[in-house]
1. Give the long-range amide H neighbours of Thr92: residues separated by 5 or more places, or on another chain, with amide H under 5 Å away, using H modelled in the peptide plane at 1.01 Å from N.
2. Between Glu85 and residues 5 or more places away or on another chain, which pairs have amide H atoms under 5 Å apart, with H built 1.01 Å from N, and which residues are they?
3. Can you list the residues, at least 5 places off or on another chain, whose amide H is less than 5 Å from the amide H of Glu118, using H built in the peptide plane?
4. Output ³J(HN,Hα) for segment 99-106: one whole-Hz value per residue in order, computed from phi by the Karplus curve 6.51 cos²θ - 1.76 cosθ + 1.60 with θ = phi - 60°, and x for Gly and Pro.
Amino acid sequence: MAAVCGLLAGAGCSGRGDGGSPESAVQALIASARAGDRSAVYQRLGPRTRGRIEEQLAGARKTAGTRMLRAEDLVTVGWVPPAWEAAGTRVTRHDKTEAEVEVYSAAGDRQTVQIVREGRSWRVELPLR
């Protein structure tokens, strides 16, 4: 997840967005990652990604002793520099509940990001390894 957040943090976006569209959801995540705002990054993640983080959190709580961890504590932003600087984003697929947004660089590098609708907002699903 750190690598994906690092990649997205390097993307060149003009606005923060609010998750009202798939592309603005990616732009809002990028802006939050750039700002180092773990809580905002976590809030912009999709339910599958948040679920995997919650599973990791449950395991971490078993071994953390008295330290109380939050899900946001497991979000790493800004720890890994982006592999390349992105020039922008574009929607490559969009339906009522899912979309794909491509983040691209001027040199031709590309990363496709999965987006899902959650309520009235769009959220970003990260490929966790």
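1. Hits under the 5 Å cutoff: Glu100, Val101, Glu102.
2. Those qualifying (amide H under 5 Å, at least 5 residues apart or on another chain) number zero.
3. Counting only residues 5 or more places away or on other chains, the set is Arg123.
4. Residue by residue, segment 99-106 yields 8, 10, 10, 9, 9, 10, 10, 5 Hz.
Each reported figure results from applying straightforward, stated rules to the coordinates on display, with no laboratory input. No experiment lies behind these values; they were computed from the predicted model shown.
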